[in-house]
Ligand code: ADP
Ligand code: MG
């Protein structure tokens, strides 16, 4: 049945631009088709929306024509269904399944089979900035000397900031340097499920517990375990992991863990584990700052071959402050909008595509902060910016400050006028119009204004 889906997708491919096939069409996987119900998996929800709007109707039409059957469709969102773990879970499965305890050699699938997302999680695709530099260097040191320097390495940070990326990058690098080693990557969730199922099958024909232990204690040269907070309040799994940890550590096998918080903050974690987690090195991955966010967006556009103007990268980096996953989602959304509507990827298009995500006025931004930012940028005195002088060196920055005040604060024209030394509201309106026109027609001016705007939004 799944092949039929593949055929239906291929039937619409000729109607999709080649670059967009890889970007938009193929990443949506068909997981199952059972009794007329199709389950698809999309990388994120933007992707799902676009897929539903633009591809799904044609694919279904083809499928229904082929099978003379009606279908219903539901989606699983790879990055949401199981927070931050589903991709990881799928490699873990692939890596461990079929390995039959310690006999077979486990390989990182990315070296063997290309269509996985995971090739993206390498060191060279990780953008380094002040908030992740330490974790990045620590990860590299560990990859260069596994089991020697920092054991365990404990990487922690919020959602979507690159923990899994770094963990997998370590795996890729170690595998590259030691292809004969057994590099085991597993989500903690998978570890727990495996453990529980081997407990339940204790009386089966094979001793699954022995197999489980061989797989995690004896087999790995390196154990990369993602989202260790999953152990919280799971006593027997913690006990099992304690012994796993000891066996590996005693054998000088590298252990790397990720977690959403510090060991001391994980609730319901045994003290003996908590203390072990601090034996090596603890590295935080923080939310990236503006420059890093912009660099990430650019890098990502380059990887996905999206032709992204600098001002759009700056806009996305400014607008999306939460985490890298959201940045990727925003870029995906913007580029999807551009490709499906066959419009150039401009700042206007990006603003429009993200308007529901991005609040248009940053909270708490005041006219005074706008004035200060603009005065500093143009090296004019604050008093002059608000004063009566009319020569261009002051009048132009003043007009920009008025424009930005109007755009970024909730103030009315008269209110803005009064904060600029009691100017009339019509003066403000004409300044705003003038800058609007400049921003439209003059690339250099646009870039100045967007830079100022992004600094203000980020402040
Ligand atoms: P976490 O595990 O911390 O929740 P992930 O490692 O899954 O986050 O990162 C979310 C997404 O953001 C991934 O696609 C990842 O490649 C990307 N990402 C995170 N940090 C960076 C970075 N510094 N440079 C490039 N991509 C990044
Ligand atoms: Mg993760």
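Under the definition of Cα pairs under 8 Å and six or more residues apart, what whole-number percent is the relative contact order of segment 290-359?
Values: 67 pairs, mean separation 22.5, N = 70.
Relative contact order of segment 290-359: 32 percent.
Which angle between 0 and 90 degrees, to the nearest 10, do you get for helix 290-303 versus the longest principal axis of the chain when only C-alpha atoms count?
Compared with the principal axis, the helix lies near 60 degrees.
Tell me, how many Å apart are the Cα centres for segment 1-35 and for segment 328-382?
For segment 1-35 versus segment 328-382, the Cα centre distance is 34 Å.
With runs of 4+ DSSP H residues as the only contributors, calculate the mean residue ellipticity of the chain at 222 nm using -39,500 (n - 2.57) per run, divided by the residue total and rounded to the nearest 500. Write out the running numbers ahead of the final one.
Values: 22 runs with 239 residues, N = 459.
Taken over the chain, the calculation gives -15500 deg cm²/dmol.
Report the percentage of all Cα-Cα pairs in segment 290-359 whose separation exceeds 14 Å, rounded to a whole percent.
Values: 1203 of 2415 pairs.
Result for the distance tail: 50 percent.
Relative contact order for the chain: what percent, with Cα pairs under 8 Å and sequence separation of 6 or more? Mind showing how you got there, number by number?
On the way: 666 pairs, mean separation 58.5, N = 459.
Result for the chain is 13 percent.
Helix 367-378 against the longest principal axis of the chain: what's the angle in degrees, Cα atoms only, rounded to the nearest 10?
90
Assuming a ≥ b ≥ c are the square roots of the Cα gyration tensor eigenvalues, decide whether segment 2-81 counts as rounded (a/c under 1.5), prolate (otherwise, with a/b larger than b/c) or oblate.
Working: a/c = 1.92, a/b = 1.12, b/c = 1.71.
Oblate, since a/c reaches 1.5 and b/c is not below a/b.
Arranged by the count of other C-beta atoms within 10 angstrom, fewest first, what order do 284, 302 take?
Working: 284 17, 302 12.
The most exposed by this proxy come first: 302, 284.
With bins 20 Å wide starting at 0, give me the P(r) of the chain over every alpha carbon pair, in whole percents.
Percent of pairs per bin, in order: 21, 43, 28, 7, 0.
Any idea what angle helix 86-96 forms with the longest principal axis of the chain, computed on alpha-carbon atoms, 0 to 90 degrees, nearest 10?
Roughly 30 degrees, rounded to the nearest 10.
Please work out the C-alpha center-to-center distance from segment 392-445 to segment 253-303 and express it in whole Å.
Answer, in whole Å: 44.
Determine the equivalent ellipsoid of segment 367-458 by diagonalising the alpha-carbon gyration tensor, then write out the semi-axes as square roots of 5 times the eigenvalues, largest first, rounded to whole Å. Please list the in-between numbers first.
Details: eigenvalues 61, 40, 37 Å².
Semi-axes, largest first: 17, 14, 14 Å.
With both partners inside the chain, how many of the DSSP beta bridges are antiparallel, as a percent to the nearest 5?
On the way: 5 of 29 bridges.
In the chain, DSSP labels about 15 percent of beta bridges as antiparallel.
Starting with the fewest neighbours, write out 257, 15, 411 ranked by other beta-carbon atoms found within 10 Å of each beta-carbon. Please report the intermediate quantities before stating the final value.
On the way: 257 27, 15 8, 411 18.
Ranked by crowding around the Cβ, least crowded first: 15, 411, 257.
Any read-out appearing in this document is the output of simple, stated calculations on the displayed coordinates, not a laboratory observation. For clarity, every value in this text was computed on a predicted model and none was experimentally measured. With ideal geometry, Cβ positions are generated from the backbone for all residues, glycine too; neighbour counts draw on all protein chains shown.
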